[in-house]
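Okay, so here's the structure we're looking at.
Every number in this text was worked out from the coordinates using simple rules, so none of it is lab data. Since this is a predicted model, take the numbers as computed values, not measurements. No Cβ is skipped: glycine too gets one built from the backbone with ideal geometry, and neighbour counts run over all protein chains shown.
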Amino acid sequence: VVVRAAMFDNLSRSIEKAQRLIGKTGTLTSENMKEPLKEVRRALLEADVSLPVVRRFIKKIEERALGTKVLEGVTPDVQFIKVVSNELIDLMGGGVGAKDLEPGFPQIILMAGLQGVGKTTAAGKLALYLKKSKKSCLLVATDVYRPAAIDQLVKLGTAIDVPVFELGTQVDPVEIAKRGIEEAKRLGVDAVIVDTAGRLQVDEDMMGELRSIKSAVRPSDTLLVVDAMTGQEAANLVKAFNDAVDITGAILTKMDGDSRGGAALSVREVSGKPIKFVGVGEKMEALEPFYPERMASRILG
Ligand code: GDP
């Protein structure tokens with residue numbers, strides 16, 4: 001499966017226009033880059049990339065483009081595209097392939113995110129991903145506020161044949177998480193994935209609980225699950241979670257949908273942390289490593 005990115009159709013059209021505007025002669029100047037930069041800016045905003053992120057991105061491209069000499073045999077328009085492409089790759093996490101999970105014995109992965117973003121689904125997907133790389137796994141259910149969430153995780157675990165640790169809804173989530181890790185050590189599994197409660201909005205209780213779970217389990221990874229449709233709010237959301245629990249990366253879900261996906265560009269820019277995986281469907285198999293360079297070349301066509 002290839003990641004679909006509707007947002008990028010617009011951008012590649014804009015880039016084509018930018019190419020025409022810069023033309024095949026001359027050099028990159030503030031003057032002839034003005035319109036092409038406006039096009040890139042418009043495309044990013046249309047794709048719901050958060051405004052401050054767009055501003056900083058455009059400024060970077062301009063500085064980078066002005067600072068470089070047009071190479072011999074390279075036309076300015078090609079050079080402009082190259083600069084945009086490089087910055088895009090950089091913004092999304094660098095061009096050295098997908099970022100994997102952090103090592104650990106066991107690996108402890110803490111899942112965080114708002115309700116409905118696909119967090120529980122992503123926990124199951126990650127368990128299957130680890131299983132496929134020959135790692136044994138335990139899922140831990142700590143969302144005591146929604147019994148349905150525990151049932152959902154148990155069902156997913158059964159479907160992919162991964163054990164689920166749960167203590168119902170009457171035990172404190174921090175206690176469940178702690179005992180889940182103890183259970184994982186007792187079982188000798190390679191990885192533990194701790195699913196947590198989501199709320200409809202970022203609130204202090206949620207962040208407080210997440211912080212307590214984090215200090216109780218000392219995760220190797222704290223992954224923020226972000227719905228690709230988050231839009232303009234993505235920057236604030238990522239900042240709030242990163243400030244509260246210092247994430248190690250993100251999973252961008254629902255990239256198979258019609259989302260404009262602007263969140264992809266906001267995550268790294270705001271947090272400095274990579275997107276590690278993308279969700280591309282409801283099935284447990286629908287998880288892929290995130291490749292910034294692939295995404296950028298899709299954007300630029
Ligand atoms: P949570 O509240 O964050 O745990 O969200 P869930 O894991 O329950 O997911 C909410 C809904 O989104 C469910 O209907 C999932 O099947 C769906 N979902 C999750 N990930 C994806 C994805 O990558 N693509 C699509 N199309 N749907 C997804």
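Summary of computed values
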read-out	value
Cβ-based net charge around Val117, under 9 Å, with every Lys or Arg adding one and every Asp or Glu removing one	+1
Helix-only [θ]222 nm of the chain, DSSP H runs n ≥ 4, -39500 (n - 2.57) each, per residue, nearest 500	-16500 deg cm²/dmol
The range 38-119: C-alpha pair distances exceeding 15 Å, %	71
Residue pairs, from the table Lys82/Lys276; Lys185/Lys239; Lys155/Lys254; Lys125/Lys178; Lys155/Lys214; Lys60/Lys135, whose Cα atoms sit over 30 Å apart	Lys185/Lys239; Lys60/Lys135
Viscosity 1.002 mPa s, 20 °C: Kirkwood-radius Stokes-Einstein D of the range 120-183 over Cα pairs, µm²/s	182
Value of Rg/Rh across the range 94-203 [Cα atoms, Kirkwood radius]	0.97
Cβ-based net charge around Glu282, under 12 Å, with every Lys or Arg adding one and every Asp or Glu removing one	+1
Relative contact order of the chain, pairs being alpha-carbon contacts under 8 Å that are 6 or more residues apart, as %	26
Alpha-carbon radius of gyration plus Dmax, which is the widest Cα pair, for the chain in Å	21.1, 71
The range 32-151, relative contact order in percent, only Cα pairs under 8 angstrom and at least six apart counted	12
Computed over the range 157-301, Kirkwood Rh from alpha-carbon pairs, angstrom	16.7
Charge sum, other residues only, whose C-beta stays under 13 Å from Ile108's C-beta, Lys/Arg counted +1 and Asp/Glu -1	-1
Span from the the range 131-173 Cα centroid across to the the range 177-193 one, whole angstrom	12
In the range 46-126, trypsin sites (Lys or Arg not before Pro) in a DSSP loop with at most 13 other beta-carbon atoms within 10 Å	Lys69
Over the range 158-203: Rg over Rh, Cα atoms, Kirkwood Rh	1.02
Loop-located trypsin sites (Lys or Arg not before Pro) in the range 221-294, at most 15 other Cβ atoms within 10 Å (DSSP)	Lys283
Rounded, prolate or oblate (a/c below 1.5 giving rounded, otherwise prolate when a/b exceeds b/c) for the range 83-130 by Cα gyration tensor	oblate
